[in-house]
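Enquirer: Input: one structure, supplied below.
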Amino acid sequence: MTDSGFLDGVTVLDLATVGPAARCSRLLADYGAAVVKVGPPPGKKGVQIQPPFFAYSAGRGTRRVQIDLKEPRGKDAFLKLAATAQVVIESFRPGVVARLGIGWDDVRAVNPAIVYCSTSGYGQDGPQAAWAGHDLDYLADGGFLAMSGKRADGGPALPGATIADAAAGGMHAAIAILAALVRARRSGVGAYLDVAVSEGVLALMGLVIDEHLATGRAPAPGGDLLTGRYACYDVYRAGDGRWLAVAAIESQFWANLCRLLELPQWTQHQYDDAHQEAIRADLRRVFATRYRDDWVARLAPNDTCVAPVREIAELPGMAQHRARRVFAEARHPTRGRFRQVAPVLAGCERAPEYQVPDADATETDAVLAAAGLDAAEIAALRAAGIVA
C-alpha cells in the first residue's frame, strides 16, 4: 500500500477478480484505501477467473478473504464486513447480488453511508443489460473500433490495450466512487453507482460523437485531424524500420518540423487537402534517411511534437522513467522478485519496492475478527467450509 494517505480510513470490499472492478480497486489501493478482495472458498469458485500472479500489480496493498456467499452464514459474515466498510464493488451479472442477499438494499440496511458500485458491460437495466461481453465488445458497441485504423482485410484494428476495462470501466468507477465518498463524508448519505463500461466508452468517444450530433456528419477513420486526414498527425517509418509518431498540430510546431526536415515548402500548406499526399511522400522519404533514435535526438527536443513508437521491452530502460521512478521492485512469497509499474497516477507515492501477497493466501480470520466476529464464530464458519 502507498503512503499517499488520500484514502486513509477507507475500506473497500471488492467482489471481483478481473476486469473493470478489479482495475478500480487497484487504483483505490494505490491511493491508500484498505482493499479487501472477497472470493469464494476453494472448490466453490465455479467459472471465476484467476488472473496470473503479476496481473493488477500482483495485488499489492490488498488483502484476501474467502467466504461462501451462497450460504446464509456466509452472507451474514459479508454483511458484517460491509457494516464497517465505506465501499463495496461488484461485477456480477445484473440481479445476482440481490439474489444472494448482498445487494445495495441489503448493505445499506446495515450501513446507510456505504458507497456501492456495480460494474457491468451495459448497465443494470435496458435491453442489453444481460449481454455477456469483454473489452473488445464494449469498444465495438461504443464506436471506438469504428474510428480505429484498418487492418489489411479492411476490418478495424484490435486495440493494443484493454481501454474499455481500464479507462471506460475502472477509472470511470474510481472517479464515481471518489465523488460519492466526498458526499458521504459530508452528509452521511451513501450512493449506488451503476457503472456501465459501454457508457464509459461513449465518454471517451465524446469528441467525435458530439461532432456527429452537432453537425450531422458521420466521422470515419482518416476523416479528421486526429484520425489521419493530415500528414502533420501520422506515423512514419525511419531508416532502421522503426517508427516515429508526428503530432505537430499547431502551426509553430509544424514550422519547426518542416525547417528541421529541410522541407520549408510545406510550412504554409499544413491543412491544405490538395497537398497532403505530396507532403506525406516527402515526409516518408526524409524520415527513411535516418534511424529512429537519430531523428528523436534531432527533433524531439526542438518543439516538433515528435516521439518514438517504442516497443514494450524498451520502456523499463528509459531515462525518463528511471528519473521519475516509474518502475518498482515487487517481492512475492513464492515467485521471488520481479519488476512492475509503480503507482504512477498523480498523488500516489512511488516506493522503490513492494511486498505483494500470494494469491492463495488469505487473511480471512483477521479481517472477520476486525469486523466483530469472535473466534468461536470464525472457527465454526471455517469448520463448515463457509470461509477459508
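No lab work stands behind these numbers, since they all come straight from the coordinates. If you're wondering where the values come from, they're calculated on a predicted model, not measured in any experiment. Quick reminder, even Gly has a Cβ in these numbers, built from the backbone with ideal geometry, and neighbours come from all protein chains shown.
Enquirer: Count the lysine pairs in the chain whose Cα atoms sit under 30 Å apart, keeping only pairs 8 or more residues apart in sequence or on different chains.
Expert: 11
Enquirer: Next question, about the same structure. If you build a Gaussian network model of the chain, linking Cα atoms that sit under 10 Å apart, which residue out of A281, A140, A168 swings the most?
Expert: Comparing A281, A140, A168 in a Gaussian network model of the chain, the most mobile one is A281.
Enquirer: Comparing L283, L79, L368, which has the greatest mean-square fluctuation in the GNM of the chain with Cα pairs linked when under 10 Å apart?
Expert: Looking only at L283, L79, L368, the biggest GNM fluctuation is shown by L283.
Enquirer: Using amide H atoms built in the peptide plane, which far-off residues or other-chain residues are under 5 Å from A33 H to H?
Expert: Here the answer is L7, since their amide H atoms fall under 5 Å of that of A33.
Enquirer: Could you give each residue of the range 148-154 its phi-based ³J(HN,Hα) in whole Hz, using Karplus coefficients 6.51, -1.76, 1.60 with θ = phi - 60°, and x for Gly or Pro?
Expert: 8, x, 9, 7, 4, 8, x
Enquirer: If you don't mind, another one. For V115, what residues show an amide H to amide H distance below 5 Å, using hydrogens built from the backbone and excluding near sequence neighbours?
Expert: Here the answer is V87, V88, A191, since their amide H atoms fall under 5 Å of that of V115.
Enquirer: Still on this structure, please answer the following. In whole Å, how far is the Cα centre of the range 101-148 from that of the range 354-388?
Expert: Each part's Cα centre sits 29 Å from the other's.
Enquirer: Given R₀ = 45 Å, what would the calculated FRET efficiency be for D194 paired with Y271, taking r from the Cβ atoms and rounding to 0.05? Working shown, then result.
Expert: Values: r = 42 Å, r/R0 = 0.94.
So the FRET efficiency works out to roughly 0.60.
Enquirer: Sequence-distant or interchain residues sharing an amide H contact under 5 Å with R335, placed H: which?
Expert: Those qualifying (amide H under 5 Å, at least 5 residues apart or on another chain) number zero.
Enquirer: If you don't mind, another one. With runs of 4+ DSSP H residues as the only contributors, calculate the mean residue ellipticity of the chain at 222 nm using -39,500 (n - 2.57) per run, divided by the residue total and rounded to the nearest 500.
Expert: On the way: 14 runs with 128 residues, N = 388.
It lands at -9500 deg cm²/dmol.
Enquirer: Taking 7 Å along the Cα-to-C-beta vector as the label spot, tell me the R217-A130 distance in nanometres, rounded to one decimal.
Expert: With each label point 7 Å from Cα toward Cβ, the separation is 4.2 nm.
Enquirer: Percent relative contact order of the range 181-234, based on C-alpha pairs within less than 8 angstrom and at least six residues apart? Mind showing how you got there, number by number?
Expert: Values: 21 pairs, mean separation 6.9, N = 54.
It comes to 13 percent, rounded to a whole number.
Enquirer: Using θ = phi - 60° and the Karplus curve 6.51 cos²θ - 1.76 cosθ + 1.60, what whole-Hz ³J(HN,Hα) does each residue of the range 20-28 get, with Gly and Pro shown as x?
Expert: x, 5, 5, 4, 4, 5, 4, 5, 5
Enquirer: Right, next: Please tell me the relative contact order of the chain in percent, rounded to the nearest whole number, where contacts are Cα pairs under 8 Å and at least six residues apart. Show your work: numbers first, answer last.
Expert: Numbers: 672 pairs, mean separation 70.2, N = 388.
18 percent.
Enquirer: Just to check I understand the Karplus step: with θ = phi - 60° and J = 6.51 cos²θ - 1.76 cosθ + 1.60, what whole-Hz values come out for the range 374-379, glycine and proline as x?
Expert: 7, 4, 5, 4, 5, 4
Enquirer: Rounded to whole Å and ordered largest first, report the semi-axes of the equivalent ellipsoid of the chain derived from its Cα gyration tensor (root of 5λ). The partial results should precede the final answer.
Expert: Working: eigenvalues 444, 120, 63 Å².
Rounded to whole Å, the semi-axes are 47, 24, 18.
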